[in-house]
Amino acid sequence: MRVHVADHPLITHKLTVLRDVKTPSPVFRSLVEELMTLLAYEGTRGVRVEPVDIVTPVAPTTGVRIADPKPLIVPILRAGLGMLEGMVKLVPTAEVGFLGMARNEETLEPTTYAERLPDDLSDRQCFVLDPMLATGGSLTAAIQYLFDRGATDVTAICILAAPEGLAAVERALHGRDVTIVLGALDERLNELGYIVPGLGDAGDRLYGTV
Ligand code: PRP
Ligand code: URA
């Protein structure tokens, strides 16, 4: 498993505003989208391309285009939905599948409550979007789900992670072709399973408490 922590002053600046408890929902939503676009640039470094011949106004040349089968973007509902627009802006030809997961706030175990994905994911590059990697339970289950459907190449893009959760994902998916791109690796998890310093509950801050 490869882990890449994005290191850029623009990302750190936007993350600081995102973390601030005083930042209201509309600003929070815009920032998640903007951060996603910046992280998508890192996360798609390995996207498969194929050669294509074109003619410029001056001369013929060969460039590249995103190869078939097109990448599959999988936002994890609810909070991952806030990242989707930022990603499709950069990769508009990608397809989108959905996984709905919620962790039980007492046991911290994830459950899957919705799924809308192509049946066969073999040979698809999959990009999982979830802003928070806390205990790692949700991300591990989501990636395992994609592998069970035949995916072989998965990149997860998260805004924040806790070291404990990242280590748990690494243990669970050891030896698999997984890349994790992070906006920041925070200090720790607290006793309630929240990332510290973190940003609180990403889903609630995006969409309000349900
Ligand atoms: C949050 C977050 C991740 C998960 C991370 O979702 O968006 O999916 O928690 O926690 P974990 O690493 O300990 O599994 P939540 O379950 O709160 O659902 P929501 O997106 O609907 O708010
Ligand atoms: N989910 C969140 O939204 N925030 C955390 O800190 C942990 C899990």
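A short reminder: the numbers here are calculations on the coordinates, not readings from a lab. Remember, it's a predicted structure, so these values are computed and weren't measured experimentally. Don't worry about glycine lacking a Cβ; one is built from the backbone with ideal geometry, like all the others, and counts go over all protein chains shown.
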* Going by alpha carbons, how many degrees (0 to 90, nearest 10) lie between the helix axis of 81-90 and the longest principal axis of the chain? -> 20
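Ranked from highest to lowest mean number of other Cβ atoms within 10 Å per residue, what is the order of the peptides 105-114, 73-82, 176-185, 141-150?
On the way: 105-114: 11.9, 73-82: 23.6, 176-185: 20.3, 141-150: 17.8.
For the peptides 105-114, 73-82, 176-185, 141-150, the packing ranking is 73-82, 176-185, 141-150, 105-114.
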* Structure fact -> HN-Hα couplings for the stretch 68-80 via Karplus (6.51, -1.76, 1.60; θ = phi - 60°), in whole Hz with x for Gly/Pro, come out as 8, x, 5, x, 10, 9, 10, x, 8, 5, 8, 4, x
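Looking at the stretch 51-156, what % of its DSSP beta bridges pair antiparallel, to the nearest 5?
Numbers: 11 of 23 bridges.
Taking every DSSP beta bridge with both residues in the stretch 51-156, the antiparallel ones total about 50 percent.
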* Under-5 Å amide H pairs with ASP153, H placed in peptide plane, nonlocal only -> CYS126
* Magnitude of the Cβ-charge dipole of the stretch 34-141, K/R +1 and D/E -1, about the Cα centre, nearest 20 debye? -> 260
* **Candidate lysines - alpha carbon under 27 Å from LYS22, same-chain residues fewer than 8 apart omitted** => LYS14
* Structure fact -> Plugging the Cβ-Cβ distance of LEU10 and GLU33 into 1/(1 + (r/R0)^6) at R0 = 22 Å yields, to the nearest 0.05, a FRET efficiency of 0.95
* To do: Please list 57-67, 12-22, 31-41 highest first by mean number of surrounding beta-carbon atoms within 10 Å per residue.
  => 31-41, 12-22, 57-67
* To do: Looking at the chain, send over the antiparallel percent of its DSSP beta bridges, to the nearest 5.
  => 35
* VAL3-VAL55 pseudo-label distance in nm [points 7 Å out on the Cα-to-Cβ vector] -> 5.2
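With all pairs of different alpha carbon atoms counted, what Kirkwood hydrodynamic radius in Å does the chain show?
One decimal place: 17.6 Å for the Kirkwood radius.
Using Cα pairs under 8 angstrom and six or more residues apart, how large is the relative contact order of the chain, in percent?
Numbers: 415 pairs, mean separation 50.6, N = 210.
Dividing the mean separation by the residue count of the chain yields 24 percent.
Suppose only helical runs count, i.e. DSSP H with n ≥ 4. What mean residue ellipticity at 222 nm does that imply for the chain under -39500 (n - 2.57) per run, divided by all residues and rounded to the nearest 500 deg cm²/dmol? Could the numbers behind the result be given before it?
On the way: 6 runs with 68 residues, N = 210.
When only DSSP H runs of four or more count, the value is -10000 deg cm²/dmol.
For the stretch 96-210, what is the percent of antiparallel DSSP beta bridges, rounded to the nearest 5?
On the way: 8 of 22 bridges.
Within the stretch 96-210, antiparallel bridges account for around 35 percent of the total.
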* Structure fact -> One finds the C-alpha centres of the stretch 124-150 and the stretch 3-31 to be spaced, in Å, by 22
